[in-house]
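Throughout, read-outs are computed from the coordinates displayed, never taken from laboratory work. None of the values given here were measured: they were computed from a predicted structure. Ideal geometry is used to build each Cβ from the backbone, glycine not excepted, and the neighbour counts take in all protein chains shown.
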Protein chains: 2
Amino acid sequence: MTQPIGEGALAPNRTVSPFADAAAARRAIRSGAWRGHTSGLAPAHVQGNLMILPQALAAEFQRFCQQNPKPCPVLAVSQPGARDLPALGADLDIATDVPAYRVFENGEMVAEVTDLTGLWRDDLVTFVLGCSFSFEAALIEAGIPLRHVAEGRNVAMYRTAIETKPAGPFHGPLVVSMRPMTAADAIKAVQVTARVPAVHGAPVHLGDPGLIGIADLAKPDFGDPVAIAPDEIPVFWACGVTPQAVAMAARPPLCITHAPGHMLITDLMNRDLPFL
Amino acid sequence: MTQPIGEGALAPNRTVSPFADAAAARRAIRSGAWRGHTSGLAPAHVQGNLMILPQALAAEFQRFCQQNPKPCPVLAVSQPGARDLPALGADLDIATDVPAYRVFENGEMVAEVTDLTGLWRDDLVTFVLGCSFSFEAALIEAGIPLRHVAEGRNVAMYRTAIETKPAGPFHGPLVVSMRPMTAADAIKAVQVTARVPAVHGAPVHLGDPGLIGIADLAKPDFGDPVAIAPDEIPVFWACGVTPQAVAMAARPPLCITHAPGHMLITDLMNRDLPFL
């Protein structure tokens, strides 16, 4: 099984976007003019994690997401075979508007591609899930420093002893991302992220990592470790790697995701997330 | 200096009120029919901490509260000399509607009385501050167990190394109340109490007590210690004892408070607190 590397993989550290808006960024991606990661592209816009599955598995995956909304906040689901997602963008083509895709067969990565047109099938269903770029933007706007952003690292992610609620072939442990902060900032961060359930919402844990089955914070399962100062506590959020890991473990005949850091840029605005 | 004993002093553990509503409870108190503490009386109603000061000090005390809203959430301030507080109850008489008052001169308690009529002066200004009964009711309603309530004890309170923002003669350390809970409940409790800033709002700290200058949780400065389970963290809220302690330390010529646990019952409903 190929390991997922992380939902965001790169922090939202770009402050000036080269594109006027989300639609312009998608057009540049579609034409091949932009092949890089999407961190900070159209920064006021919501970006999404991608999960494409055959229709035969889609209903169970949707039920899995519905039962596990913190790791799997669904922003939109397509009609079977449809490449559009009108809820997320008027001109959006899911087969071309993500800079890099990963194709998995039976849980093994078989290709990384920049266009799904040749692979498209009439039974594919697309799920777009909320991602931590948006809630990290909200934390930064609230004045809460994020160490991995300051250090230019990927956020630290860990498998936990918390089991997700299973649905059909989809089951497995909750994966969390961890951000160290002072208690005062943690209290603030709970309030800020509780307002955005569409992008993971409030933390699932804080303090002693052993209580959720994390043996060593210095050894994340995904991403990079970060230092925790003596006056800080680790704060843990449900992570979008959870559905990726769960989907891989189910070894579906076909499964397509975004490549880490190469997300779908939607027309939704971060500022509207509390009201979705 | 007489030590304040605590804002609530008794937990909201009465489930059936002997009175139909807040006005009926106040009438029973006024007539002398009810002399006990007010915990659980008219349980859906907001109860308030009382602080009565001469007009010469009132402006500075109000500025102190304005600068320290978490320990000092002001629900209402009277006109000088006025015994009514129309914002908190149509027929309310502040000199008779609290079951027991404490009278302090130069920071020393000189009397505990059940009626202020004989002591009333035209220059007295009444402050009613939000109290933790209301937010504890919100926590219990959210399914968060409170150990001191379960054990029938007073909440544990501690002086901290956090200084309040001074105003005139009013200055001193923040006093906090502590409630142990699991991390999941702490995350929930932040969200529940953040919605009610009028009754202390979100916690000021959680986790390591040493970071806010508390040496030993087993030795509270006020109230009773409670056990903390291995899977729990201490969560600290700003406490209404803060303004009491600060006012005593300022040694005003005259100062009148409620007796611990004997609060003012207002017509405000707990359910309206998020919208005040």
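With respect to the axis relating copies A and B by rotation, the chain A residue whose beta carbon is closest, plus that distance in Å, is A:Val190, 2. Starting from the label point of B:Arg251 at 7 Å along Cα→Cβ, the same points in the other copies fall at 8.1 nm, in ascending order. Label-point spacing for B:Gly32 across the identical copies (point 7 Å from Cα in the Cβ direction), in nm and ascending order: 9.6. B:Gly168 sits among other residues whose Cβ lies under 12 Å from its own Cβ, and their net charge, with Lys and Arg +1 and Asp and Glu -1, is +1.
Rounded to the nearest 20, the Cβ-based charge dipole of the protein assembly as shown about its Cα centre (Lys and Arg +1, Asp and Glu -1) stands at 100 debye.
Less than 5 angstrom separates the built amide H of A:Leu174 from those of A:Thr160, A:Ile162, A:Glu163, A:Thr164, all sequence-distant by 5 or more or on a different chain. Taken residue by residue and averaged, Cβ atoms of other chains lying within 10 Å of the Cβ of A:195-207 number 3.
Per residue of B:181-193, other chain Cβ atoms within 10 Å of the residue Cβ number 5 on average. Residue order for B:Ile94, A:Ile162, fewest other beta carbons within 10 angstrom first, comes to A:Ile162, B:Ile94. Per-residue 3J(HN,Hα) values for region A:253-258, derived from phi via the Karplus relation 6.51 cos²θ - 1.76 cosθ + 1.60 with θ = phi - 60°, read x, 9, 7, 10, 10, 5 Hz in sequence order (x marks Gly and Pro). Here is how far apart the B:Arg121 label points are across copies: 8.7 nm, shortest first, using a point 7 Å from Cα toward Cβ.
Average partner chain C-beta neighbours within 10 Å, per residue of A:221-233? Each step should come with its number before you reach the end.
Numbers: counts 0, 0, 0, 0, 0, 0, 0, 0, 0, 3, 4, 3, 6.
Partner-chain Cβ atoms within 10 Å, mean over residues of A:221-233: 1.
At a Cβ-Cβ separation cutoff of 4.7 angstrom, cysteine residues of chain B with no neighbouring cysteine are B:Cys131, B:Cys239, B:Cys255. When A:Val176, A:Val113, A:Val199 are arranged by Cβ crowding within 10 Å, least crowded first, meaning fewest neighbours, the order is A:Val113, A:Val199, A:Val176.
Where both residues lie in the protein assembly as shown, what percent of DSSP beta bridges are antiparallel, nearest 5?
In the protein assembly as shown, DSSP labels about 100 percent of beta bridges as antiparallel.
For chain A, the antiparallel share of DSSP beta bridges with both residues in that region comes to about 100%.
Rounded if a/c is under 1.5, else prolate if a/b is larger than b/c, else oblate: which is chain A, with a ≥ b ≥ c the root eigenvalues of its Cα gyration tensor?
Taking the square roots of the gyration eigenvalues as a ≥ b ≥ c, chain A is oblate.
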